[in-house]
Amino acid sequence: MEPADEILEEEDEALEIPADPMRLNMGPSHPAMHGTIRMVLDLDGETVMNVDVQPGYLHRGFEKSCERGTWAQVFPYADRLNYVSPMLNNVGFALAVEKLLDVKVPDRAQYYRVILGELSRICDHFTCNGASAMELGAFTPFLWLLKVRDWIWDILEKETGARMTHSFGRIGGMAAPPTEGFKDDVRAIIPEIRKVVGEAESLLLGNRIFLDRTQGVGKLPKERALALGVTGPVLRSTGVAYDVRKDHPYLVYDRFDFDIPVGTDGDNWDRFMVRMEEVRQSMRIIEQALEQMPDEGPVSVDDPRIMLPEKREVYTTIEATIAHFKLVMEGLKPPKGAVYSFTEGGNGELGFYIVSDGSGTPYRVRVRPPCWFNLQATREMLMGDMIADIIPTFGSINMIGGECDR
Amino acid sequence: MSKKVITRLQKELGDVILETASFRGDEEVVVAPKHWVSVATFLRDDPELSMDHFTDLTAVDWPEREMQGEPRFDVLLLVRSLDKKHRIRVKTYVKDGEKLPTLTTVWPGANWAEREVWDMFGIAFEGHKDLRRILLYEEFEGFPLRKDYPIDRVQPLVEYRDVDDTLKLPPFGIEEGQPFARIDWEARLAGRDEQVSPAIGLQVGQRRALSDSEVAEAQAEELAAARAGES
């Protein structure tokens, strides 16, 4: 076989090395990706020169579907937005309609919502961090963290009847009061979760592969993050201490003492650490909420125009039967107007912009999905990184298809 | 959100702010489409407002307004300030087919939001460098979040391979099965007072389709007059 330089001398055009970037399709069904998403990459060797992120493979017409039923019928859809922490979506939508109606739920329901919501947030963060670690080859932390998710799901199942899509929120309260052993159940798992956080961290934080794959990878500057509309752990990892629970307190979050963890570089490592620390802060909130939560009292507003009457009443009195029928068939009728209500979801600011025309059907329900804007910023995180960095970066965004594509 | 944003805007921009509204603690200002970008730039650059955190951009369809010769769409911009912690909602009215200047030059975060508004409502943004459909596919016909797009409309199949009998596969036609939407928008826009409920089917005149609107009032008066004539 002839040496390469001789071939080059003989035939100048025969061995022309292509100078154009290579175009590569990643997804929409990639084994290491959390959701169905397509990325069209322009590669120079292994370096990402350009990337076009294409969401929409899980679009189910959430906003259109909301416009066909009653306000209460939105809850099952809201569950399926961020299916990793459905309780946060449920409560977020309930708060939006309550803002439109200008009602405030009783104290007990507020604490109940906070505790269930924070448990869901722990689920959400653990799922994200566990999956991110698993994609980098560390399978044990994934199992460790999902173990916790199962404990939390056991509690949620006991409270709501469903492990995942609870549909437990109601406009004006919760579907049922806490069960008898609720506080003890939650108190029992808190020290266990603390232990697992420590164990998972000790498995990962000294791991050379994990450090190399996350530190300094997928950086996002603070100013760009703000202008791109990034919120949640992804924004906090860049050093911005914006948390809806702290900046615009809703429910009873102003009564708790908790910190907002922030990162410095906005890389994968910071996002991972921010989520881990937020789990600790969530546990602090839960502990304080358990202390403050009253054991007696209603969990929904006492207003027959909003809440369904008791089942026993429905079967025995004509007034309750009529009220039940009107609420189910026509739906409750909020006043005309539009409000934007926002809460801290698992991935950031989960906003509902709802418009009512005074009838029993929502005129427009716009969800401001935190993932949507976080995913938009992914392009800037990935540019200039290696192709192998896409997986940990994309994992740390925690894009949830149901919420992003709606 | 806070009132001082409205006060500041009215003081600095004067007539550019057409209307202001405050409902349940949400502040809203209305501007004309020609001032859309300048107001946004002012919101971002003014040191007292410094709206550096882009929140959302969306639209609402009001097809009934079009019949009265008014612009059909509301386009809404939601922004907040990181330091000042205040928020504002800026609204503008856009006619069907009219283009709105893009805000991607002010906040890059408007990029996907504007693409989504184009995808769902068909409102084009002038100067947007990459106005493609984002959630749906290129061959999709119509704009689904418009009220006159029926929720059960079946899209034509996109040809990608030769398979016999694709027509026998679901999704089935709209006339098969029970109605899917509570409000028959086609009937409503045609001025008919029909209501469709998934559970009880078609009702006529049971519940006013246009709650509190002039059309509904006129219909109620008509009905009362007819009844008086009968008796």
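The values are calculated or read from the model by the stated rules, or taken from the named source; none is laboratory data. In this text the structure is predicted, and so the values were computed from the model without any measurement. Every residue, glycine among them, receives a Cβ derived from its backbone with ideal geometry; neighbour counts consider all protein chains shown. Heads up: the accessible areas ignore ligands, DNA and RNA and are worked out on the full protein's heavy atoms, side chains in. Shrake-Rupley method; radii C 1.70, N 1.55, O 1.52, S 1.80 Å.
Condition test on A:PHE325, is it closer than 15 Å to A:ASN82 by Cα and either aromatic (Phe, Trp, Tyr) or not assigned by TED's automatic domain parsing to the domain that holds A:VAL84 (or both)? Here the answer is no, as A:PHE325 does not meet what is asked. Sub-7 Å Cβ pairs linking a first residue in segment A:248-266 that is over 26 Å from A:GLU98 (Cβ atoms) and touching a residue at least 40 places away in the same chain (Cβ under 8 Å) to a second residue that is assigned to a loop (DSSP other than H, G, I, E, B) and of a type in the set (A, V, I, L, M), at least 6 apart or interchain, are A:GLY266/A:LEU220, ordered by first then second residue. Pairing residues of segment B:127-138 that are not assigned by TED's automatic domain parsing to the domain that holds B:ARG115 with residues that are in a loop (DSSP other than H, G, I, E, B) and open to solvent by 50 Å² or more (accessible area, probe 1.4 Å), at Cβ distances under 6 Å and at least 6 apart in sequence or on separate chains, gives B:LEU135/A:HIS59.
The set of residues in segment A:175-197 that are in a helix (DSSP H, G or I) and open to solvent by less than 70 Å² (accessible area, probe 1.4 Å) comprises A:PHE182, A:LYS183, A:ASP185, A:VAL186, A:ALA188, A:ILE189, A:ILE190, A:ILE193, A:VAL196, A:VAL197. The residue pairs whose first member lies in segment B:22-45 and is assigned by TED's automatic domain parsing to the domain that holds B:LYS84 and at positive phi, whose second member is of a type in the set (Asp, Glu) and open to solvent by 50 Å² or more (accessible area, probe 1.4 Å), and whose beta carbons are closer than 9 Å, counting only pairs six or more residues apart or on different chains, are B:ARG24/A:ASP102.
Among residues that are more than 21 Å from A:ARG364 (Cα to Cα), open to solvent by less than 10 Å² (accessible area, probe 1.4 Å) and more than 12 Å from chain B (Cβ to nearest Cβ), A:ALA94 is not included.
The listed residues are B:ARG87, B:ARG132, B:ARG80, and the only one of them that is open to solvent by 20 Å² or more (accessible area, probe 1.4 Å), at the interface with chain A (Cβ under 10 Å from one of its Cβ atoms), among the basic types (Lys, Arg) and over 18 Å from the mean Cα position of the chain (by Cα) turns out to be B:ARG132. Residues in segment B:6-43 that are open to solvent by less than 30 Å² (accessible area, probe 1.4 Å), within 14 Å of chain A (Cβ to nearest Cβ) and outside any strand (DSSP E or B): 2 in all. In the set A:GLY216, A:GLY161, only one residue is in contact with an Asp or Glu (Cβ under 8 Å, 6 or more places away or on another chain), in the same structural domain as A:SER120 (by TED's automatic domain parsing) and of a type in the set (Gly, Ala, Ser); that residue is A:GLY216.
Of everything in segment A:208-235 that is within 12 Å of chain B (Cβ to nearest Cβ) and assigned to a helix (DSSP H, G or I), the residue that is surrounded by the most Cβ atoms within 10 Å (Cβ to Cβ) is A:LEU235. In this structure, A:ARG379 qualifies as within 11 Å of chain B (Cβ to nearest Cβ) and open to solvent by 10 Å² or more (accessible area, probe 1.4 Å). Among the conditions (1) more than 18 Å from the chain's Cα centre (by Cα); (2) open to solvent by 10 Å² or more (accessible area, probe 1.4 Å); (3) under 23 Å from A:ILE189 (Cβ atoms), the only one that A:PRO298 does not satisfy is (3). Considering segment A:245-260, and only residues there that are open to solvent by less than 30 Å² (accessible area, probe 1.4 Å) and assigned to a helix (DSSP H, G or I), the residue that is farthest from A:PHE93 (Cα to Cα) turns out to be A:ASP247.
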